[in-house]
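First the structure, in the form of structure tokens, and then the observations on it.
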Amino acid sequence: MTTHFKPALLMLLVWTAITGIAYPVLVTHLGQLLFPHQANGSLIEKDGKLTGSELIGQPFSDPKYFWGRPSATAPHAYNAAASSGSNQGPTNPALIDAIKARVQALKEADPGNLAPVPVDLVTASGSGLDPHISPAAAAYQVARVARLRNLSESVLKELVGRHTEGRQFGFLGEPRVNILRLNLALDAL
């Protein structure tokens, strides 16, 4: 029995050292060396102050800003420690009521906008933390933001265009607009 026990224990210790210590240390150092911004959370600073992360949605409810996707995290919105979807199906009355309330809030913020509300403005993403909206969702909000900030719609459309990210590698995913980056650029105007 000891002839099998010693090699098994030795292999356990060797592989624990390799996969539990050496590999994580190597990957951490490579990440810091090659991709420091991403390895540290893709944080965004404004005037030396931490504003947020490119990867986690932020709550914007002031009509002078572009609004992002709703958060499905609880008990606090955009809580990265509670990342998950609501798991509510399309026939769930709670989801239907939440969507109706979100549509109503958008209509109250911009009563003159008769366009259909883009779905990503009223439904949460699978993680509940999505920092992006579709270009259509940003375009839906241009008139409201322009009116409340006394800006030209063409200026805001150009700003949205500059902050629209294309498909990754030209074919993966959909075009998207990072709300935090867009609203920071909006404040800089």
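List of remarks:
- When the criteria are applied in full, Leu172 meets the requirement of being surrounded by fewer than 16 Cβ atoms within 10 Å (Cβ to Cβ), over 22 Å from Val103 (Cα atoms) and among the aliphatic types (A, V, I, L, M).
- Residue within the stretch 22-32 that is of a type in the set (S, T, N, Q), part of a helix (DSSP H, G or I) and within 23 Å of Ala185 (Cβ to Cβ) present: no
- From Glu108, Glu153, Glu165, residue being acidic (Asp, Glu), surrounded by 11 or more Cβ atoms within 10 Å (Cβ to Cβ), over 14 Å from the mean Cα position of the chain (by Cα) and in the same structural domain as Asp47 (by TED's automatic domain parsing): Glu153
- Residue identified as touching a Gly at 6+ places or on another chain (Cβ under 9 Å) and either at pLDDT 95 or above or of a type in the set (S, T, N, Q) (or both) among Ser61, Ser42, Ser53: Ser53
- Answer from Thr91, Thr73 - the residue that is surrounded by fewer than 18 Cβ atoms within 10 Å (Cβ to Cβ), in a loop (DSSP other than H, G, I, E, B) and out of contact with any Pro (no Cβ under 8 Å at 6 or more places or on another chain): Thr91
The values are calculated or read from the model by the stated rules, or taken from the named source; none is laboratory data. The structure displayed is predicted, hence computed values, not measured ones. A quick note on method: Cβ atoms are made from the backbone with ideal geometry, for glycine too, and the neighbour counts reach across all protein chains shown.
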